[in-house]
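S.K.: The structure's right below; bear with me while I get my questions together.
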Amino acid sequence: MSQNNSGGRAGIGFCGILTIIFVVLKALGYITWSWWWVFAPLWIPAAFVAVLALVGIIIQLVEFIAERKKRNDR
């Protein structure tokens, strides 16, 4: 029999487990945080990646404009 082992890891991960723990604690009344903070382990990493992508796009735009301006000055 052949086994298909792609080597990839599947699973919830640290942020997923942390979110589940926070949801259970909130549902049981052990924490009184806002739901925004309960789901923070999901949206904070996504927001961080989005900010990094935005910074990268801005850097590329600035370099593109500077290169275009240099070509037009010749």
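Rule-based calculations on the coordinates, nothing more; no lab input. Since the model is a prediction, treat every value here as computed from it, not as a measurement. Glycine gets a Cβ as well: all are built from the backbone with ideal geometry, and neighbour counts include every protein chain shown.
S.K.: Looking at the calculated P(r) for the chain, what percent of the C-alpha pair distances fall above 20 Å?
M.R.: For the chain, the share of Cα pairs beyond 20 Å comes to 61 percent.
S.K.: Shifting gears a bit: To make sure I understand, if each residue's beta carbon is the centre and we count other beta carbons within 10 Å, what order do VAL23, VAL51 fall in, fewest to most?
M.R.: Working: VAL23 14, VAL51 10.
In increasing order of surrounding Cβ atoms, one gets VAL51, VAL23.
S.K.: What angle do you read, to the nearest 10 degrees and between 0 and 90, between the alpha-carbon axis of helix 40-73 and the longest principal axis of the chain?
M.R.: It works out to around 0 degrees.
S.K.: Taking only Cα atoms, what is the 0 to 90° angle, nearest 10, from helix 13-28's long axis to the longest principal axis of the chain?
M.R.: 50 degrees
S.K.: Okay, next question. Within a 10 angstrom radius of the beta carbon, how do LYS26, LYS70 rank from fewest other beta carbons to most? Walk me through the numbers before you get to the answer.
M.R.: Details: LYS26 17, LYS70 9.
Placing the least packed residue first, the sequence is LYS70, LYS26.
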